[in-house]
Amino acid sequence: MIKLNDKYFKPFLREEQILAAVEKVANEIARDYKDEVPIFVGVLNGAFMFVSDFLKAYPHPCQVSFVRLSSYQGLTSTGIVETLLDIPQEIDGKSVIILEDVVDTGRTLKQLVHLFSQTNVKEFKIATLFYKSEVYNGEYAIDYVGMEIPDNFIVGYGLDYNELGRNLREVYQINQADMINLVLFGKPGAGKGTQAGVLKEKYNLKHISTGDVFRYNIKNGTNLGKLAKSYIDKGDLVPDEVTVDMLKAEVEKNPDAAGFIFDGFPRTAAQAEALDNFLDSKDMKVNATIALEADDDILVARLLERGKSSGRSDDQDEGKIRNRFDEYNQKTAPLKAYYEKQGKFHSVNGIGEIKEITERLSKVIEAL
């Protein structure tokens, strides 16, 4: 295990595996271009080690140059690709093979294709050492691939996290096991939203409220939003798999997070199992479920007071409030049993000052 800046990374690929993949690419290209002198264009900064070892393995005459593109900041692709170093001169009529360190979303490839489409090269092909096929948009053909890898953030062998790790001889992947993923329970008025806001700042967690996610997708007309709305319009319940897909999109949009707070999902044991399966597919897990407990009479008083300013009718009627509590108890009971069986259920006193409640929650989290 190594630490770069604030993140931990675990071993992923040994040096001999990487060099075997480099040699594979070099041999395949050598077979296709043995009768001409191609120009290899390395993409900086990440590909410098790959280009160096590739050229040592390539047995025929060739030329080499570099372009520099950038779309990453920290662990996240910004979506904006900058051209920082222009294409080489005198490439007209020559075969050009781009040497990429890793192809994932394909954003930098799009910029590269745009750059070389304005030239008179004989032929233009793309080679990559690492290929994340599950996230690549497939817009352009990848002609040579060293190895396919999962969509995990990696460092080493030229690849960096905030400019650290490029000099490592082996490749490491982010250690998702260090993430803290929480499911937060609480009756209406228990202060769940307030505490989620505090905890996400304190521990660099991403708060995912299922209600907010639904509203965002429906308002913005995403494919998942349209699908969810089609069920809602018919008066049907939205299937769990649609909700899980929405949560998946939120998780994947926030790779910088040190973990997630799931709020409003799961609501049933079946949903809890679906969440476990999804997180397992991302090499993640629910670390703890925390229920904020409070006396019903205190919560009723809180909600009636809140109702004076919130305008919510269900915060202004004690009968409706107590019905919501009954519904919560019925739904939470099987969830409590599900997570207790895994040793992950924690109960925290939700009465007191905000700071006091945060301290109680923090004790649970830091014990993980």
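Throughout, read-outs are computed from the coordinates displayed, never taken from laboratory work. Predicted model, so just to flag it, every value in this text is computed and none were measured. As a convention, Cβ positions derive from the backbone with ideal geometry for all residues, glycine included, and neighbour counts pool all protein chains shown.
Taking Lys and Arg as +1 and Asp and Glu as -1, the other residues whose beta-carbon sits under 10 Å from that of GLU134 total -2. By the gyration tensor of its Cα atoms, with a ≥ b ≥ c the square roots of the eigenvalues, what is the shape of segment 211-276: rounded for a/c under 1.5, prolate for a/b over b/c, or oblate? Oblate, because a/c is 1.5 or more while a/b does not exceed b/c. In the neighborhood of ARG169, defined by Cβ-to-Cβ distances under 10 Å, what is the net charge if each Lys or Arg adds +1 and each Asp or Glu adds -1? Every neighbour counted, the sum reads -1.
The residue among GLN17, TYR136, PRO255 whose Cα reaches farthest toward the positive pole of the charge dipole of the chain, with charges on the beta-carbon of Lys, Arg, Asp and Glu, is PRO255. Among 193-202, 240-249, the peptide with the highest mean count of other Cβ atoms within 10 Å heads the list, and the full ranking is 240-249, 193-202.
Ignoring aspartates and glutamates fewer than eight residues from LYS202 along the same chain, the ones with Cα atoms less than 19 angstrom from its Cα are ASP6, ASP178, ASP256, ASP263, GLU353, GLU356, GLU359, GLU366. When Rg and the Kirkwood radius Rh are both evaluated on Cα atoms of segment 224-368, their ratio Rg/Rh stands at 0.99. Each label point was placed 7 Å from the Cα along the Cα-to-Cβ direction; for GLU201 and PHE325 their separation is 3.0 nm.
For the pairs LYS192/LYS282; LYS10/LYS282; LYS248/LYS341; LYS219/LYS308; LYS110/LYS219; LYS192/LYS363, flag any whose C-alpha to C-alpha distance is greater than 18 Å. Long pairs (Cα-Cα over 18 Å): LYS192/LYS282; LYS248/LYS341; LYS219/LYS308; LYS110/LYS219. Here the convex hull built on the C-alpha positions of the chain has a volume of 166 cubic angstrom per residue. Working ranking of peptides 295-304, 350-359, 227-236 by packing, defined as the average number of other Cβ atoms within 10 Å per residue, highest first, is 295-304, 350-359, 227-236.
What does the charge count near GLU36 come to, summing +1 for each Lys or Arg and -1 for each Asp or Glu among other residues with Cβ under 11 Å from its Cβ? So the environment of GLU36 carries a net charge of 0.
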